[in-house]
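Participant: Below you will find the structure I want to go over with you.
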Amino acid sequence: VQLQASGGGLVQAGGSLRLSCAASGLMFRSYTNGWFRQVPGKEREFVAAIRSSGGNTYYSDSVRGRFTISRDGAKNTVDLQMNSLKPEDTAVYYCAAGRSILSTLRQESAYHYWGQGTLVTVSS
């Protein structure tokens, strides 16, 4: 199993970026898919998730209304559209997949497979 995240880069505050995560060796639609982010010296934090059944989406309070997670079953990818970016969104973003249940999908431990991370830098 391999997850490959891409799409990071440098953007000005207020701008947009779209991250994408491609999987090989598993079908994303059979798993809960999540995005997490980490700033050096801090713990990895939950950003967004989409469940396997029903496709319900969940967001952290800090990104709700600005970020959108989506899944393309045909391409076997999970994307994170990030709008109205702020400097505090600067982090390494990781995609993940796991068979989590609703009560645990915001926790790292609920995810079994992780991508390598892609750096997002938002300048002020």
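The values are calculated or read from the model by the stated rules, or taken from the named source; none is laboratory data. Nothing here was measured: the structure is a model prediction, and the numbers come from that model. Positions of Cβ are backbone-derived with ideal geometry, glycine not excepted, and every protein chain shown enters the neighbour counts. Remember, those area values only see protein heavy atoms, side chains included, never the ligands or the DNA or RNA. Shrake-Rupley method; radii C 1.70, N 1.55, O 1.52, S 1.80 Å.
Participant: So if the hydrodynamic radius of the range 43-93 is defined as the Kirkwood radius over C-alpha pairs, what does Stokes-Einstein give as its diffusion coefficient at 20 °C and 1.002 mPa s, in µm² per second? Provide the component values of the computation, followed by the final result.
Facilitator: Numbers: Rh = 12.0 Å.
In µm²/s, the coefficient rounds to 179.
Participant: Sticking with this structure for a sec: I'd like the FRET efficiency for Ser103 and Ala13, computed as 1/(1 + (r/R0)^6) with the beta carbon distance as r and R0 of 35 Å, rounded to 0.05.
Facilitator: Efficiency computed from Cβ-Cβ geometry: 0.50.
Participant: Between Gln4 and Lys75, what is 0.36 nm times their sequence separation minus the Cα-Cα distance? Round to one decimal in nm.
Facilitator: Numbers: separation 71, 0.36 × 71 = 25.56 nm, distance 1.31 nm.
The span from Gln4 to Lys75 would gain 24.3 nm if fully extended.
Participant: What list of ³J(HN,Hα) couplings, whole Hz, do you get for the range 75-85 from phi and the Karplus terms 6.51, -1.76, 1.60, once you set θ to phi - 60° and write x for glycine and proline?
Facilitator: Computed from phi, the couplings for the range 75-85 are 8, 6, 10, 10, 10, 10, 7, 10, 10, 6, 5 Hz.
Participant: Accessible area per residue for the range 46-124 in Å², computed with a 1.4 Å probe and the full protein assembly in place, what is it? Provide the component values of the computation, followed by the final result.
Facilitator: Numbers: 3740 Å² over 79 residues.
Per-residue value: 47 Å².
Participant: Tally up the carbon and sulfur contribution to the accessible surface of the chain as a whole percent, 1.4 Å probe, everything protein left in place.
Facilitator: Working: 2920 of 6150 Å².
Roughly 47 percent of what the probe reaches on the chain is carbon or sulfur.
Participant: Please turn the phi angles of the range 41-58 into ³J(HN,Hα) values with the Karplus equation 6.51 cos²θ - 1.76 cosθ + 1.60 (θ = phi - 60°), one per residue in order, whole Hz, x for glycine and proline.
Facilitator: Values per residue, Gly and Pro as x: x, 10, 6, 5, 10, 5, 10, 7, 8, 9, 7, 5, 8, x, x, 4, 10, 9 Hz.
Participant: Let me ask you something else. Rounded to two decimals, what is the ratio between the C-alpha radius of gyration of the range 1-53 and 2.2 N^0.38 Å?
Facilitator: Working: Rg = 13.2 Å, N = 53, 2.2 N^0.38 = 9.9 Å.
Ratio of Rg to 2.2 N^0.38 Å for the range 1-53: 1.33.
Participant: Label Asp61 and Thr121 with points 7 Å out from Cα along Cα→Cβ: what is the distance between them in nm?
Facilitator: Going from the Asp61 label point to the Thr121 one covers 3.1 nm.
Participant: Could you list the trypsin sites (Lys or Arg not before Pro) in the range 56-124 that lie in coil according to DSSP, counting only those with at most 13 other Cβ atoms within 10 Å of their Cβ? Let's see the in-between values first.
Facilitator: Details: sites: Arg64, Arg66, Arg71, Lys75, Arg99, Arg106; in loops: Arg66, Lys75, Arg99, Arg106.
When the trypsin sites (Lys or Arg not before Pro) of the range 56-124 are filtered for loop state and at most 13 Cβ neighbours within 10 Å, Lys75, Arg99 remain.
Participant: Are there GluC sites (Glu not before Pro) in the range 33-95 that DSSP puts in a loop and that have at most 14 other Cβ atoms within 10 Å, and which ones? Don't skip to the answer; put the middle values down first.
Facilitator: Details: sites: Glu43, Glu45, Glu88; in loops: Glu43.
Listed in order of number, the matching sites are Glu43.
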